[in-house]
Structures are given as C-alpha cells and as structure tokens.
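Working notes for the structure below.
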Ligand code: ADP
Ligand code: MG
Ligand code: MG
C-alpha cells in the first residue's frame with residue numbers, strides 16, 4: 001500500500017528527514033516511535049502533503065500512485081487520513097455538515113453519486129455506535145468546547161465515517177488519560193481491516209498496550225534506525241531512547 005524510499009525532507013532549509021525507508025502492506029498496523037524532535041510529525045505532515053515541507057529526495061508510492069505529485073486535498077480523497085496531535089476547533093461548522101461535504105467530495109472524486117440523506121444517516125448511526133460517541137457531540141461545531149477526550153473520540157469518529165485506506169495518528173495519545181487512550185485504541189482496533197493500514201505515531205509505549213502493532217519502527221534524527229516486532233516497543237520502554245542513541249553512534 002505504501003512504499004517510502006530514501007525520503008529526505010526539509011523545512012525552512014533545514015533537513016529533518018534524512019533518508020526514510022518504509023514499506024506498509026494493507027491490513028497492517030505500524031507503530032513509529034522516537035524521541036521528541038526526531039521527525040515523527042514531519043513524516044506525517046509530508047505524507048499528508050502539507051506544503052511547508054519540501055521533499056528534496058526520494059519517493060512515496062501509495063497504491064501504485066506517486067503521492068508526491070498529489071495535492072493534500074487529493075491525498076485525502078485517495079483515502080489518506082491524518083489525525084492531528086492537537087485537533088483544531090472549527091466554530092460554526094457542524095460535524096455532520098463537515099462529514100456530509102467530505103464524503104460527498106470523496107465520492108465525487110471516485111465518480112460516485114452523492115450519498116442519499118437516508119444512507120448518510122444510516123452510516124452515521126452505524127459509526128456512532130461503533131466508536132461509542134455521544135449523539136449530541138456529532139451535531140455540535142467541530143471540537144468547539146470539546147474536552148480532550150471528546151476531541152479524540154470525535155477524531156476517531158471522523159476516521160470511521162471517512163473509511164480511509166491509510167490512517168496516520170500523530171501522537172494522538174499525548175496528554176490523554178487512560179479512558180481517552182482506550183477510546184483511541186478501541187477505535188483503531190475496531191476499524192482495522194484487511195483493506196486498510198494504520199500508522200500510529202507515539203512517543204510512549206503506553207498506547208501500544210492497547211493497540212498491538214504488527215511492526216514497530218524507531219525514528220531517530222530523521223532516520224528509521226530500528227525495525228522489529230511489537231516486543232521492540234517494550235524493549236524501548238525498558239531501556240529508554242538512550243539505548244537507540246548508543247546503537248546509532250556505534251553504527252555511525
Ligand atoms: P517529533 O514529532 O518527532 O517530535 P518534529 O517532526 O515535530 O519531531 O520535528 C523535527 C525537528 O524539526 C525538530 O528538531 C524541530 O525543531 C524541527 N522543526 C520543525 N518545524 C521547524 C521549522 N519551521 N523550522 C525549523 N525547524 C523545524
Ligand atoms: Mg514533538
Ligand atoms: Mg510530533
């Protein structure tokens with residue numbers, strides 16, 4: 001589904017990603033861990049197509065297409081979903097209207113008719129139950145006045161509604177209490193299917209007590225310095241990131 005080769009990216013002339021290689025197949029959940037400042041958010045922003053970042057080298061192939069040629073909007077229409085570290089509030093735009101528009105655009109892009117009102121409502125109900133979000137939250141303006149946990153739940157609800165092929169959760173666990181953590185994890189676990197893939201970016205091992213990744217990568221200083229099974233996350237938790245730094249220095 002996703003193949004990243006020798007990806008280099010800069011912001012304001014400063015190189016942040018320094019040769020990322022990553023292969024993700026449909027059906028898989030990959031965790032990307034790494035210390036603060038290692039480039040995790042940069043990688044997710046580059047995948048989503050944020051224009052402040054300049055890709056200077058390498059390629060990203062997503063479902064057979066050259067992702068770097070697509071604008072951010074088209075990447076979203078192609079099924080890439082990015083959950084933000086800090087979800088924004090959008091007063092005046094209700095969740096329902098936002099989702100109606102977004103689904104309409106995705107369908108139009110695929111050459112499909114808009115969803116009939118009745119079908120949309122059926123979908124809304126189905127996903128609302130699946131991610132266990134309060135009905136009242138769905139009708140309100142996006143994230144306006146939502147608590148941290150409610151924002152997370154809403155994000156998972158948006159993800160459920162939009163049915164992305166590749167979801168990227170960037171430190172969606174930061175500042176979450178255990179209940180909110182479970183909400184995010186349950187959502188990811190319930191939405192997992194053989195047709196979609198998820199990248200879970202996290203600084204802590206905690207979230208991975210609830211989401212079991214198929215593969216764990218460690219990002220350090222703009223490069224993936226270690227890849228392994230889920231046990232790698234436990235090893236990191238035990239030994240801390242200094243262990244990776246030592247490995248990197250020996251290899252350098
Ligand atoms: P992470 O998500 O792993 O904490 P980031 O991708 O947010 O890391 O940041 C990687 C590095 O890029 C950091 O050293 C950060 O200071 C730097 N960086 C981010 N934005 C800018 C910018 N606008 N100008 C210069 N450096 C930046
Ligand atoms: Mg950070
Ligand atoms: Mg970050």
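Read-outs throughout are calculated quantities, based only on the coordinates presented, and are distinct from any laboratory measurement. Small disclaimer: the values here were computed from a predicted structure and weren't measured. Cβ atoms come from the backbone with ideal geometry, glycine included; neighbour counts cover every protein chain shown.
Couple of notes before you dig in:
- Segment 101-238 shape via C-alpha gyration tensor axes, a/c threshold 1.5: prolate
- The chain: angle of helix 95-109 to the longest principal axis, Cα-based, in degrees nearest 10: 80 degrees
- Note on segment 94-175: semi-axes of the ellipsoid equivalent to its C-alpha gyration tensor, largest first and rounded to whole Å, are 22, 15, 11.
- Mean-position separation - Cα centroids, segment 182-203 and segment 142-181, in angstrom: 11 Å
- Based on C-alpha pairs under 8 angstrom that are at least 6 apart in sequence, the chain has a relative contact order of 27 percent.
- Among beta bridges that DSSP assigns inside the chain, antiparallel share in %, nearest 5: 60 percent
- Mean-position separation - Cα centroids, segment 37-104 and segment 221-244, in angstrom: 26 Å
- Full-stretch length increase - residue 94, residue 122 - with 0.36 nm per residue and alpha-carbon distance subtracted: 8.3 nm
- Each Cα pair under 8 Å and six or more residues apart adds its sequence gap; the mean of these over the residue count of segment 104-164 is a relative contact order of 31 percent.
- Peptide ranges 108-115, 199-206 listed from the most packed, as the mean C-beta count within 10 angstrom indicates: 199-206, 108-115
- Degrees separating the helix 117-130 axis from the principal Cα axis of the chain, which is the longest one: 50 degrees
- Share, in percent, of DSSP beta bridges within segment 23-170 that are antiparallel, nearest 5: 50 percent
- Cut-off 18 Å, label 7 Å out along Cα→Cβ of residue 179, residues of segment 116-160 by amide N: 131-138, 145-157
- Over the residues of the chain, the helix contribution to mean residue ellipticity at 222 nm works out to -11500 deg cm²/dmol, using -39500 (n - 2.57) for each DSSP H run of at least 4.
- Convex hull per residue volume in Å³, alpha carbons only, for segment 1-111: 132 Å³
- Rg [Å, one decimal], Dmax [Å, integer] - the chain, C-alpha atoms: 18.2, 61
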